[in-house]
1. Using just the alpha carbons, could you tell me how many Å³ per residue the convex hull of the stretch 97-195 encloses?
2. Could you tell me the relative contact order of the chain? Use alpha-carbon pairs under 8 Å, at least six residues apart, and round to a whole percent.
3. Which FRET efficiency value, to the nearest 0.05, do you get for His321 and Gln186 by plugging their Cβ-Cβ distance into 1/(1 + (r/R0)^6) with R0 = 45 Å?
4. Is there a quick way to get the dipole size of the stretch 208-332? I mean about its Cα centre, with the Cβ of Lys and Arg at +1 and of Asp and Glu at -1; what is the value in debye to the nearest 20?
5. If you average the C-alpha positions of the stretch 30-75 and of the stretch 127-147 separately, how far apart do those two centres end up, in angstrom?
6. For every other residue with a beta carbon closer than 14 angstrom to the beta carbon of Leu291, add +1 if it is Lys or Arg and -1 if Asp or Glu, then tell me the sum.
7. I want the antiparallel fraction of DSSP beta bridges within the stretch 2-92, as a percent rounded to 5.
8. Over what distance in Å are the Cα centres of the stretch 213-264 and the stretch 279-312 separated?
Amino acid sequence: MSYHVTIEPSGRRFTCSGTEPVLEAALRHGIMLPYGCRDGRCGLCTGKVVEGAVTYPGGEPPEPLDEKAVAVGQALFCRARPTTDVTIELREADSSEAVPARRMRCRVARMERMAPDVMALWLQLPENERLAFLPGQYVDVLLRDGRCRSYCLANAPHDDGLLELHVRYVDAGEFSGYVFHAMREQAVLHLDGPHGAFHLRAGDRRPIIAMAGSTGIAPIKSMLEHLVHIGDERPVHVFWGVRTREDLYLDARLRQLARAHGRLRYTPCLSDPAGSDAWDGRIGLVHNMLLQDYPDLAGHTLYMSGPPSMIAAAQRDLFRHGADPEHVLGIPFRTAADAQPDLAAAEQGNQHQGPR
């Protein structure tokens, strides 16, 4: 049997069966509630049951809830299951300020060379720990001396069993050199996150245009997988610009997503195809390809991630074609060598140097 769950103060509503936790049902419907473990231990998903009733496996509330908390209606929504229609009071994690950053220790569960200069890492958090984040956000990989390297999460929030990062090799790059030449599976990394104001806006119903360069496709992949998972019906068009055909390391996955989402289009673009590529697709700078297809950008929301030069060139031209600055979000993928302290124009509200 299914019940209706209403969230206050937002008024958003979703259905939840009597056999699944409220948190799991919310995530299934694309509603981000705060959480840290999904196992009733951390208490981050605590809220109030304003109307209706919930129960727990075994009949007893989890340990973080004492009798006084239960008496005033407090509940742990990663474990609570509704027994009636319920109204709950909990702040949704639909902004970067609502998703708390924390430090985590993880192990490298899997590594895969996706392209000659791109390594994908799948990271395993300690047992029963999970990282709540918004599609598009990033984490900092902490180095031994306190410095960090930042990478966007490529997995969607619902698929959080492993965290997926895409590391591009940079000449003389300290961390990327370690990843490509010395790292082995089961290596330990320390993370801090999530961070970043660059994330999918859940309440924005405008058609989406996403533009990525190189490994800037990672946060776009997270967004796309989230949109497909929740059955979002907004039109989405993804433009991905790389140099040669072998750099299209997610080409098959993006085509698969386009088939799964009837309103998702995907356009790969090569800026310098090799003679052996036998490429019959689009050739040129990715933002020029975007403007050929969308000479009038009014009414769209744009997400951009990739090299700083791509972001800067695109911003100059997009605004001339009607893009609304309030609906243009971009994050530059800077290396340690070219990182600058002033990213305000590129990523609104982000206090970090930005992903590599």
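None of the figures in this text is laboratory data; all of them are computed from the coordinates on show. Quick caveat: nothing in here was measured; it's all calculated off a predicted structure. Note: ideal-geometry Cβ built from the backbone for every residue, glycine included; neighbour counts use all protein chains shown.
1. Output value, Cα hull per residue: 101 Å³.
2. Over the chain, the number comes to 14 percent.
3. Details: r = 49 Å, r/R0 = 1.09.
The pair His321/Gln186 has a calculated efficiency of 0.40.
4. For the stretch 208-332, the charge dipole is close to 140 debye.
5. Value for the Cα centre distance between the two parts: 25 Å.
6. Value of the local net charge: 0.
7. About 75 percent, rounded to the nearest 5.
8. The stretch 213-264 and the stretch 279-312 have Cα centres separated by 14 Å.
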